[in-house]
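Just so it is clear, none of the values below were taken in a lab; they were calculated from the coordinates. This structure is a prediction, so every number in the text was calculated from the model and none was measured. Don't worry about glycine lacking a Cβ; one is built from the backbone with ideal geometry, like all the others, and counts go over all protein chains shown.
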Amino acid sequence: MICNKSQGFIRKISKVILYKNDRNMAVFFSAKSKRLLVKALLLLTGLVGACTHYGRFVTPHVPLPEANYVGSEECAVCHEDVFQYYRKTVHYKVRYFEVAGQERGCEGCHGPGSAHIAEKGKVEQIIGFSRLTAPQSSSICLRCHAGGPLNNWYSNLHALSDVGCNDCHKSHKVTEEKMLYKGEPELCYDCHQQMKARVQFPSHHPIREGKMNCSECHSTHGAEANELTDITVNELCFSCHADKQGPFLYEHSPVEEGCTLCHDAHGTIANNLLKQSEPFLCLRCHRGHRGHKTPGSAPTLSAMLTSCTQCHAEIHGSDLPSQLGRGALTR
Ligand code: HEC
Ligand code: HEC
Ligand code: HEC
Ligand code: HEC
Ligand code: HEC
Ligand code: HEC
Ligand code: HEC
Ligand code: HEC
Ligand code: HEC
Ligand code: HEC
């Protein structure tokens, strides 16, 4: 438990460090200090790793009732309604070979039920999820779901924040796909209110149009920073915006660094999902310039106050040099 909490703390701290840097972009941190930061983070990750191991070791244990397995049909006698819902879920179709030794119908989740039945439904004789903590109830699901997408559950920020499987999934009255109690994105908005607001901004990924889901970018069970589906932000963005992926002869270093230095993936007031409008976005890191003695392309001071990308059109990187033979991202 202590370990769990400290992991959450470390992840939050490293986030704050990164976020601060993001904000003070005017001082664009050098490659060297970045490497130091990465090292520091690796060290932290090492600690987290060690902790995760420990975390696994103290996985909450839910003692099974002292009873025998009787089979789901016995439960249907008194819980007919629940049984009918259950028959519609994928768990009803679970077969022995899928989860060897675990396929017990109702009792696979609620534990053996003979004592509960013998005592005419005494609740203490059966595992009732309303009496369990989130980590405890998750541990029951993880008996069968420990692999695959749930592999990293214990280092997932939801798990570390005491959000359990049942906060998103329902086992009986299932109305949505994947046994979710609500479809995306509404499910996520229940706890992430601010995202609902951001997705309403004029520039946005087509989430509110229903063409895209939060889980196309986020893995709610994964262990990457910000719960992303990819290891880095850029890899994630390239998976749909491949044209922005280099290598370019003339790179723009913040682009290599991370798309989110300039973009907010959820929504922004400025167009193109930019965190700020031009030229202010650029002026966070650049001074702009007074003018160039290049014939035909002499920017005036007034030009500085319009869109820099009118001239620096290849802002994500280019393979062609400028007229003066430099990498000015102009073509
Ligand atoms: C003889 C009737 C009867 C049978 C058979 C029966 N139950 Fe129950 N069960 C009850 C009663 C009564 C309650 C208490 C309901 C209440 O207090 O709201 C209950 C409550 C429960 C609860 C809720 C526990 C809680 O903490 O609130 C679960 C889970 C449960 N039963 C599962 C099962 C399972 C699984 C089986 C089959 C192994 C089963 N029951 C068979 C009568 C029965
Ligand atoms: C996949 C695991 C799982 C299986 C299989 C399962 N349950 Fe449940 N059950 C739960 C969870 C989790 C809850 C808490 C409410 C929820 O998530 O829907 C619950 C809640 C209940 C409750 C409490 C009343 C309520 O509606 O909240 C009863 C009674 C119950 N289950 C009976 C059964 C019976 C009877 C079966 C078999 C027909 C069964 N369960 C199969 C996980 C399971
Ligand atoms: C007895 C083993 C077992 C237990 C316990 C169990 N599951 Fe499952 N579950 C399965 C199997 C097998 C499948 C089907 C194969 C798959 O999708 O992995 C499945 C499928 C699912 C799916 C995918 C549904 C879909 O439509 O694709 C969800 C979500 C899920 N389980 C959630 C849970 C939750 C939440 C719990 C705990 C309350 C739980 N499971 C407990 C064995 C189990
Ligand atoms: C914060 C919400 C949330 C929590 C907590 C959560 N899930 Fe999910 N789960 C989702 C969403 C959303 C999907 C569907 C999109 C996806 O596959 O990522 C999903 C999908 C699944 C699937 C189907 C995967 C597939 O590839 O089809 C399984 C199985 C599953 N969850 C099990 C669990 C188990 C077990 C837990 C607890 C250890 C859990 N989930 C906790 C939101 C959640
Ligand atoms: C039951 C509440 C709940 C639901 C539902 C929920 N989350 Fe979360 N989520 C949390 C909590 C608590 C945290 C921990 C960090 C925090 O407080 O922001 C978190 C963290 C996150 C983070 C990491 C935030 C960070 O600060 O790095 C992401 C990303 C995320 N959730 C995405 C989702 C998505 C996508 C969904 C819908 C599929 C979802 N969440 C549904 C409660 C929830
Ligand atoms: C196009 C990809 C994408 C989509 C779609 C997306 N996100 Fe994100 N999200 C990200 C990225 C990238 C970050 C990390 C931001 C950073 O590094 O500055 C993030 C960060 C977050 C965070 C934590 C940090 C913060 O900014 O507060 C939460 C919470 C979150 N997303 C929730 C959601 C929810 C809820 C949805 C669905 C409404 C969603 N995201 C849809 C890419 C996406
Ligand atoms: C799952 C696919 C997917 C991923 C991943 C993705 N995008 Fe997008 N992106 C889209 C789609 C679809 C559009 C809308 C295109 C359209 O409307 O023509 C879009 C549009 C955009 C736009 C233009 C918005 C506007 O207002 O015109 C920007 C900027 C953008 N994405 C940046 C990013 C960044 C940065 C990332 C990584 C954090 C990212 N995208 C990840 C699918 C994706
Ligand atoms: C230095 C700031 C900056 C960074 C970093 C950045 N972009 Fe952009 N991006 C812009 C600007 C400015 C525009 C709008 C002007 C334009 O279209 O050239 C834009 C527009 C876009 C568009 C929509 C228009 C188009 O060209 O398709 C997409 C998609 C996009 N960026 C994706 C990305 C991806 C993916 C990354 C990370 C690899 C990234 N951006 C990094 C500044 C940036
Ligand atoms: C997060 C900080 C940051 C932002 C925001 C940013 N840049 Fe840059 N830019 C850099 C860095 C760092 C370099 C590399 C400087 C060097 O190599 O000396 C660079 C290089 C350039 C170059 C090439 C300079 C050369 O020496 O050839 C141009 C042109 C440029 N940026 C234009 C822009 C424009 C236009 C914008 C706004 C759309 C912008 N930048 C936004 C950090 C930033
Ligand atoms: C009217 C066109 C035009 C506009 C508008 C423009 N630039 Fe430039 N910029 C150029 C040209 C041309 C060069 C030099 C190309 C070369 O070296 O051949 C240049 C060079 C640069 C350089 C490289 C450093 C240097 O002095 O050589 C940076 C950085 C830069 N611009 C940033 C900006 C920013 C930030 C803005 C917006 C505030 C901006 N530019 C607006 C045309 C423009």
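Quick notes on this structure:
- Residues 331, 326, 284 arranged by fewest to most Cβ contacts within 10 Å: 326, 331, 284
- Proxy reagent accessibility, fewest Cβ within 10 Å first, across 61, 91, 289, 169: 61, 289, 169, 91
- For segment 149-285, the spread of Cα coordinates along the three principal axes comes to 55, 31, 25 Å, biggest extent given first.
- For segment 146-242, GluC sites (Glu not before Pro) meeting the loop criterion (DSSP other than H, G, I, E, B) and having at most 15 other Cβ atoms within 10 Å: 176, 209.
- Counting every other Cβ atom within 10 Å of each residue's Cβ, 138, 72, 203 order from fewest to most as 203, 72, 138.
- Of 178/244; 122/178; 122/170; 93/196; 170/275; 88/196, pairs whose Cα-Cα distance is over 27 Å: 178/244; 122/178; 93/196; 170/275; 88/196
- Placing R0 at 25 angstrom, the Cβ-Cβ distance between residue 129 and residue 195 gives a FRET efficiency of 0.35 after rounding to 0.05.
- Segment 76-165: trypsin sites (Lys or Arg not before Pro) falling in loop per DSSP and having at most 16 other Cβ within 10 Å: 88, 95, 120, 122
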